[in-house]
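Worksheet for the structure shown next.
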Amino acid sequence: MAEKHPHGPHGGPPQGFRKPKHVRETLRRLMRYLGAYRLHLALVVVLLVVSSACTVGGSYLIKPLINDYILPGDFPGLAAMLCLMGGVYVVGAACSYGYAKIMVNVSQTCVAQIREDLFAKMQRLPLGYFDTHTHGDLMSRYTNDIETVSEALGNSFGSLVSCTLNFLGTIAMMLVLSPLLTLITFAVLGLMLWVVKSIGSRSRRYFAAQQSALGQVNGYIEEMIEGQKVIKVFNHEHAAREGFRERNESYRRAGTRAQIYAGVMMPLMGNLNYLNYALSCCVGAVFAIHSGGAFRLGDLGAFLQYTRQVGQPITQISQQMNTLLSAVAGAERIFDVMETAPEEDAGQVDLARVLEGPGGALTEADYDTGSWAWKRPDGSLTPLRGDVRFDHVVFGYTEDQTVLKDVSLFAKPGQKLAFVGSTGAGKTTITSLINRFYEIREGRITYDGIDIREIRKDALRRSLGVVLQDTHLFTGTVADNIRYGRPEASDEEVEAAARLAGADSFIRHLPQGYATVLSGDGGSLSQGERQLLNIARAACANPPVLILDEATSSIDTRTEKLIERGMDRLMAGRTVFVIAHRLSTVRNAKAIMVLEQGEIMERGDHDDLIAQRGRYYQLYTGQLELA
């Protein structure tokens, strides 16, 4: 088995309400995405202002409607005024529809760009980043976090501005109609704000607990679904149900508290608004009777309409602020990924296809023909032979732990070099360092005499074929999966690679042969068949250096024998690094390295190591377990 990295994964925070740490910086970065749509946003602001003016102004028209037309009995004038009011509200509705449509288009375009930038950045992150972040935590950036940003940009932003304008306009018109009655409204508004603050803080806390509990429930369900076979093998169904019942009950309790506070907000605010309406109605009626015409019935009607409107923006602003803060927190998590330092690559030596010219000199040629060579910045070419050397290499995944301790080894062109040892000995780490998935702490690794740090990472990895213990197949046809490492490979080359790996026979028995579409990581295939496709993929890439990380560990002995000759053909003429669980697969290796605790304990071919009667001898004869 390949060793695990010493630093374990850690998850992200629950996807509930989370107060952002750097609001100003996050908003500034969001505005960069919105900045490309300045004209659209300017139009949105104009439409918002017009919509709010229509909402506030339409209510004010109640005053002349009653005072000038209803009380005097002017029915023609009343009809005209009603048409005017209707027109005002129609214009307001049209503006609301317009700004909502524009904001949806702008927000979806911005979110699509954010999602694209996030994915592009993840492709440039070092492998160590994915070692220290769980897949679920990274996926939540694309789902929960981006969804909250989309909701805020599409709905909350416009609603917040609209509610603010409506609230300020309503207060202004109430002061115009009756400053004294407005004092009653201010008193009730103060009570409303206290309620919003008090209940809102508790609501946020309980919603965070609810989201945390939901995350535990979802994680447990996912874990149980993936482990159904193990659950049934060990008759663990009852314990699994009990574990789910406990988590489900915790989620129910948290959800009940959260929903109680969320549910009580609107009725309570509504009742306070009714109280404001009733007090304003009573006091306003007295003013209308005793004001001597300074405050008439139409004034009271318009004022009462504003009292019905004034409480709604407060509740909506409170709700939208929560959404916006959650969106800023989500955007902050997204930008945290984007700000992560990308995989560094200072290499300048590239890889080129070359032909042998007159006198055996190497010249650049068409990329699809000839041999490989390293191309230096000055244009000089060094033939790629596959000579890989470790010179006193020291490495650790973390500063406080060393995995490889002063490792020196070499693999000459065309040699097969094998690594054996216990789990955690450093076998897979060595092959990862050849790919420059991680940077060494001390020492030097050379490839055909060139320090691999001088080689461009894409060129380096193009020259290496890797067959991992853990297979991964992509959604697509069997042929597409085989040509994954060399998309330009023809159908004939794909089939030749499959024959070389011993996969051609079972592929032709699939429903559509090489055109069979695989999904779910090739779940319809056996583990051995998936591994054969993995080996065929490496064969199709036709690299000069091969790394086989326990490539046949998932294949039964009979299948292994069937592909042994194909594997020999695949390895012929190439430098090969083999990590093997079955020691029988490394008997013909030119050199075998026995690793323990990051050090090479023994080295030699099979016969030499057996004669030494040391660690390898004990492993081979079964006196020690090869974990």
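The values are calculated or read from the model by the stated rules, or taken from the named source; none is laboratory data. As the structure is a computational prediction, the values presented were derived from the model and not from experiment. Using ideal geometry, Cβ is built from the backbone for each residue, glycine included, and neighbour counts are taken over all protein chains shown. Just so you know, the surface numbers come from the protein's heavy atoms only, side chains and all, with ligands and any DNA or RNA stripped out. Shrake-Rupley method; radii C 1.70, N 1.55, O 1.52, S 1.80 Å.
Here are a few things to note about the model shown:
- With respect to being modelled with pLDDT of 90 or more and either open to solvent by 40 Å² or more (accessible area, probe 1.4 Å) or more than 38 Å from the chain's Cα centre (by Cα) (or both), Asp391 fits the description.
- Condition check for Leu84: assigned to a helix (DSSP H, G or I) and surrounded by fewer than 16 Cβ atoms within 10 Å (Cβ to Cβ): yes
- Hits in segment 230-242 (condition: at negative phi and at pLDDT below 90): Val230, Ile231, Lys232, Val233, Phe234, His236, Glu237, His238, Ala239, Ala240
- Scan of segment 54-79 for residues that are open to solvent by 60 Å² or more (accessible area, probe 1.4 Å), assigned to a helix (DSSP H, G or I) and over 13 Å from Leu300 (Cα atoms), ordered by number: Asp68, Ile70, Phe75, Pro76
- Verdict on Pro342 being open to solvent by 20 Å² or more (accessible area, probe 1.4 Å) and modelled with pLDDT of 85 or more: yes
- Residue ID - modelled with the lowest pLDDT, chosen from residues in segment 569-600 that are among the charged types (D, E, K, R) and either in contact with a Pro (Cβ under 8 Å, 6 or more places away or on another chain) or open to solvent by 70 Å² or more (accessible area, probe 1.4 Å) (or both): Arg569
- Flag if Ile445 is out of contact with any Phe, Trp or Tyr (no Cβ under 9 Å at 6 or more places or on another chain) and aliphatic (A, V, I, L, M): no
- Qualifying residue in segment 198-211 (condition: within 14 Å of Asn248 (Cβ to Cβ) and in contact with a helix residue (DSSP H, G or I) (Cβ under 9 Å, 6 or more places away or on another chain)): yes
- The lone exception for Glu226 - which of (1) open to solvent by 60 Å² or more (accessible area, probe 1.4 Å); (2) closer than 30 Å to Cys281 by Cα it fails: (2)
- Filtered residues of segment 115-134 (kept if within 12 Å of Tyr438 (Cβ to Cβ) and either charged (D, E, K, R) or modelled with pLDDT of 90 or more (or both)): Asp131
- Odd one out for Ser371 among (1) polar (S, T, N, Q); (2) modelled with pLDDT of 85 or more; (3) within 15 Å of Pro544 (Cβ to Cβ); (4) more than 31 Å from the chain's Cα centre (by Cα): (2)
- Output for segment 165-181, where each listed residue is among the β-branched types (Val, Ile, Thr) and either open to solvent by 30 Å² or more (accessible area, probe 1.4 Å) or within 40 Å of the chain's Cα centre (by Cα) (or both): Val176
- Of the helices (runs of 4 or more DSSP H) lying entirely inside segment 463-539, those containing at least 2 residues that are under 27 Å from Asn435 (Cβ atoms) are 478-482, 491-501.
- Close pairs (8 angstrom Cβ cut-off, 6 or more residues apart or separate chains): more than 25 Å from Thr134 (Cα to Cα) in segment 220-249, part of a helix (DSSP H, G or I) and open to solvent by less than 70 Å² (accessible area, probe 1.4 Å) anywhere: Glu237/Ile231
- Residue within segment 156-164 that is surrounded by fewer than 20 Cβ atoms within 10 Å (Cβ to Cβ), modelled with pLDDT of 85 or more, more than 39 Å from the chain's Cα centre (by Cα) and not charged (D, E, K, R) present: no
- Ile184 being modelled with pLDDT of 85 or more and either open to solvent by 20 Å² or more (accessible area, probe 1.4 Å) or not β-branched (Val, Ile, Thr) (or both): yes
- Scanning segment 278-303 for residues being under 60 Å from the mean Cα position of the chain (by Cα) and open to solvent by 70 Å² or more (accessible area, probe 1.4 Å) gives a total of 2.
- Scanning segment 139-155 for residues that are open to solvent by 10 Å² or more (accessible area, probe 1.4 Å) and aliphatic (A, V, I, L, M) turns up Met139, Leu153.
Yes or no, residue by residue, for (1) over 18 Å from Asp458 (Cα atoms); (2) in contact with a Lys or Arg (Cβ under 9 Å, 6 or more places away or on another chain); (3) modelled with pLDDT of 85 or more; (4) in a loop (DSSP other than H, G, I, E, B):
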{"residue": "Gln305", "(1), (2), (3), (4)": "yes, no, yes, no"}
{"residue": "Ile317", "(1), (2), (3), (4)": "yes, no, no, no"}
{"residue": "Asn322", "(1), (2), (3), (4)": "yes, yes, no, no"}
{"residue": "Ala329", "(1), (2), (3), (4)": "yes, yes, no, no"}
{"residue": "Ile334", "(1), (2), (3), (4)": "yes, yes, yes, no"}
{"residue": "Ala352", "(1), (2), (3), (4)": "no, yes, no, no"}
{"residue": "Asp366", "(1), (2), (3), (4)": "yes, yes, no, yes"}
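- For segment 453-476, a tally of residues being of a type in the set (Val, Ile, Thr) and either over 26 Å from Ala580 (Cα atoms) or without any contact (Cβ under 8 Å) to a residue 60 or more places away in the chain (or both) returns 2.
- Per the listing Ala541, Ala498, Ala503, the residue uniquely surrounded by 18 or more Cβ atoms within 10 Å (Cβ to Cβ) and either closer than 19 Å to Arg461 by Cα or not aliphatic (A, V, I, L, M) (or both) is Ala541.
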